[in-house]
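Here the structure is laid out as structure tokens; the discussion comes afterwards.
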Amino acid sequence: MAVTEPASAVVAAAHEGILRRQSARESAARTYARALPIVPVRARGLTIEGADGRRYLDCLSGAGTLALGHNHPVVLEAIRRVLDSGAPLHVLDLATPVKDGFTTELFRTLPPGLADRARIQFCGPAGTDAVEAALKLVRTATGREDLLAFTGAYHGMTAGALAASGGARDVRVARLPFPQDYRCPFGVGGARGAELAARWAESLLDDDKSGVPAPAGMILEPVQGEGGVIPAPDDWLRRMREITAARGIPLIADEVQTGVGRTGTFWAVEHSGVVPDVMVLSKAIGGSLPLAVVVYRDDLDVWPPGAHAGTFRGNQLAMAAGAATLAYVRENRLAERAAALGARMIAQLRALAAEFPCVGEVRGRGLMMGVELVDPGAGGGAGAGVPGHGGAPGSRTVPAHGGIPAQGGGALARGRDTALETAPPPPPPSASAPPSASAPPSASAPSPPAPELAVAVQRECLRRGLIVELGGRDASVVRLLPPLTITDEQAAAILDRLADALAAAVRSRHE
Ligand code: PLP
């Protein structure tokens, strides 16, 4: 009688075989696949099931794409409806009822002030192409070339988007400091650090010897995602709006990751009441399928026909899935749910920080959360992470891996070089003394980042059936981007597994 292998052994062999073939055939540039050796075969909501039969809670959510989690019934229904209707799936940029429905639903959600005068450009189906389109749009409208962008930014992987990202060097991009508390480049953090960052921007624009020509636009993320989950303070964002409006500089909000309820408002700019001139939208707007658009005020619409083209601008399934997602988030007030649940989860994560000295700072807005891991034994200390007690300028540590992220690190980490990390900006060149000159010295420096610990935590999370992303300047920020639909019980399970993984990673470090 033939001996049959147990079913579980067959399943495990198939799973291993797929992973082995992937690593033999796919590019060395692959990313998530390195840190997450799983083979998803089924998924629903927060849960993914692997080919090995294991189940995972997915807090990566397709890099922040899945506002409603995997395979939400309203998304599946919308896709089926298009398939069953006999509608064409590929239509370039022609008008269709599906597209008309998507645009109507999207415009309904836009901040008032933009919605009434909005134009939309459908782009190639990736956030980075919509960023390219936005840059082209403002360059055409202003007749200027240069851009203002921020330290820590991530806007994509095509040439223009990459140039605007924090890791890049490009002569046409002037880099401004993005305000942050924990590693404030001015060493003060809080509202004061943000004010200094705003003054630096202002002085660069007004000083005719700053070396920064009048720019075509300013591009920013209302919450930096890949940069390590750093929310822009509302006051600072309003200052950026004032500064750009007063000088006729279009303000581009890159809401590719922050949009569709993720941060606790439908669009993250709503926290501050800022109305940008241009919004770049992708990820969640496609309801888990690829879709990217630029929405902008009509007076900027002076580019010629064909200025930004592309074959795949008419994905009907994505538009249907996206319209269903936008409507579901709006009708079920999921942004409010994200705000309330996110605040609770962030408070619970902060309690973890009290227990684990290696938690440098917990940050976030809504359900876009990050835990920065540090090496407390290597300097810094008590005041770290407390607004107003940011690190002293120059206290950053460039990791030994020279800017190449640990496996599976965030997109910023993947795309950057070390130039980003080296030094805080020099003091503003204006004659007036910056307020920091009279500020008390910072209480203590933040501890250096701990990228190896972050990798270990990610690995321990996976062992416990939790998928998390790493990001941030040194890939030392554990990122959580759960669907907006998770229950309180699921949120508790996520935090339990993370705490457990953190304890295990810390333990094994000391063994
Ligand atoms: N902009 C932001 C803020 C992002 O987070 C990303 C991707 O993570 C992009 C742009 C680029 O989007 P894509 O990866 O779809 O090109």
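Are any residues in the range 495-511 open to solvent by 70 Å² or more (accessible area, probe 1.4 Å) and in contact (Cβ under 8 Å) with a residue 12 or more places away in the chain, and if so, which ones?
ARG497, ASP500, ARG509
Residue-wise test of (1) under 30 Å from GLY366 (Cα atoms); (2) modelled with pLDDT of 95 or more; (3) open to solvent by 10 Å² or more (accessible area, probe 1.4 Å).
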residue	(1), (2), (3)
ALA216	no, yes, no
PRO222	yes, yes, no
GLY225	yes, yes, no
GLY228	yes, yes, no
TRP236	yes, yes, no
ILE243	yes, yes, no
GLY248	no, yes, yes
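Do we have any residue at all in the range 216-227 that's in contact (Cβ under 8 Å) with a residue 24 or more places away in the chain, within 16 Å of the ligand (Cβ to nearest atom), part of a helix (DSSP H, G or I) and among the hydrophobic types (A, V, I, L, M, F, W, C)?
Within the range 216-227, none of the residues are in contact (Cβ under 8 Å) with a residue 24 or more places away in the chain, within 16 Å of the ligand (Cβ to nearest atom), part of a helix (DSSP H, G or I) and among the hydrophobic types (A, V, I, L, M, F, W, C).
Give ARG144, ARG199 a once-over and let me know the one that is surrounded by fewer than 21 Cβ atoms within 10 Å (Cβ to Cβ), assigned to a helix (DSSP H, G or I) and not acidic (Asp, Glu). Let's see the steps before the verdict.
Values: ARG144 fails: assigned to a helix (DSSP H, G or I).
Going through ARG144, ARG199 in turn, just one is surrounded by fewer than 21 Cβ atoms within 10 Å (Cβ to Cβ), assigned to a helix (DSSP H, G or I) and not acidic (Asp, Glu): ARG199.
Residues checked against (1) at pLDDT 95 or above; (2) among the acidic types (Asp, Glu):
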{"residue": "VAL477", "(1), (2)": "yes, no"}
{"residue": "THR485", "(1), (2)": "yes, no"}
{"residue": "GLU489", "(1), (2)": "yes, yes"}
{"residue": "ILE494", "(1), (2)": "yes, no"}
{"residue": "LEU502", "(1), (2)": "yes, no"}
{"residue": "VAL506", "(1), (2)": "yes, no"}
{"residue": "ARG509", "(1), (2)": "no, no"}
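Can you tell me which of (1) within 13 Å of the ligand (Cβ to nearest atom); (2) within 15 Å of the chain's Cα centre (by Cα) is the one ALA318 doesn't meet?
The single condition ALA318 does not satisfy is (2).
Please go through the range 296-312 and give me each residue that is over 13 Å from LYS136 (Cα atoms) and either crowded, with 22+ Cβ neighbours inside 10 Å or hydroxyl-bearing (Ser, Thr, Tyr) (or both), ordered by number.
THR311
Restricting to the range 136-164, and then to whatever is away from the ligand (no atom under 12 Å from the Cβ) and aliphatic (A, V, I, L, M), can you tell me which residue is farthest from GLY228 (Cα to Cα)?
ALA141
VAL329: surrounded by 15 or more Cβ atoms within 10 Å (Cβ to Cβ), under 15 Å from PHE266 (Cβ atoms), aliphatic (A, V, I, L, M) and within 16 Å of the ligand (Cβ to nearest atom), yes or no?
no
Give all pairs with beta carbons closer than 8 Å in which a residue from the range 95-119 that is farther than 11 Å from MET279 by Cβ and in a helix (DSSP H, G or I) meets a residue that is of a type in the set (Val, Ile, Thr) and open to solvent by 20 Å² or more (accessible area, probe 1.4 Å); count only pairs at least 6 apart in sequence or on separate chains.
As it stands, the answer is THR103/ILE120; PHE107/ILE120, since those pairs meet every condition given.
In the range 147-173, what count of residues is obtained for those that are in contact (Cβ under 8 Å) with a residue 60 or more places away in the chain and surrounded by fewer than 17 Cβ atoms within 10 Å (Cβ to Cβ)?
Count: 2.
Going through the range 120-135 one residue at a time, which ones are away from the ligand (no atom under 16 Å from the Cβ) and assigned to a helix (DSSP H, G or I)?
Across the range 120-135, there are no qualifying residues.
Checking the condition more than 16 Å from the ligand (Cβ to nearest atom), in a loop (DSSP other than H, G, I, E, B) and touching a Leu at 6+ places or on another chain (Cβ under 7 Å), which residue from VAL260, VAL302, VAL275 passes?
Going through VAL260, VAL302, VAL275 in turn, just one is more than 16 Å from the ligand (Cβ to nearest atom), in a loop (DSSP other than H, G, I, E, B) and touching a Leu at 6+ places or on another chain (Cβ under 7 Å): VAL275.
Looking only at the range 459-476, which residues are open to solvent by 10 Å² or more (accessible area, probe 1.4 Å) and not in a loop (DSSP other than H, G, I, E, B)?
ARG459, GLU460, LEU462, ARG463
Which one of these does ARG30 not meet: (1) without any contact (Cβ under 8 Å) to a residue 60 or more places away in the chain; (2) away from the ligand (no atom under 16 Å from the Cβ)?
(2)
From LEU68, LEU57, LEU83, LEU89, grab the single residue that is touching a residue at least 40 places away in the same chain (Cβ under 8 Å) and part of a strand (DSSP E or B).
LEU57
The values are calculated or read from the model by the stated rules, or taken from the named source; none is laboratory data. Because the structure is predicted, anything quoted here is derived from the model rather than measured. Using ideal geometry, Cβ is built from the backbone for each residue, glycine included, and neighbour counts are taken over all protein chains shown. Side chains are part of the model used for accessible areas, which takes the heavy atoms of the whole protein and leaves out ligands, DNA and RNA. Shrake-Rupley method; radii C 1.70, N 1.55, O 1.52, S 1.80 Å.
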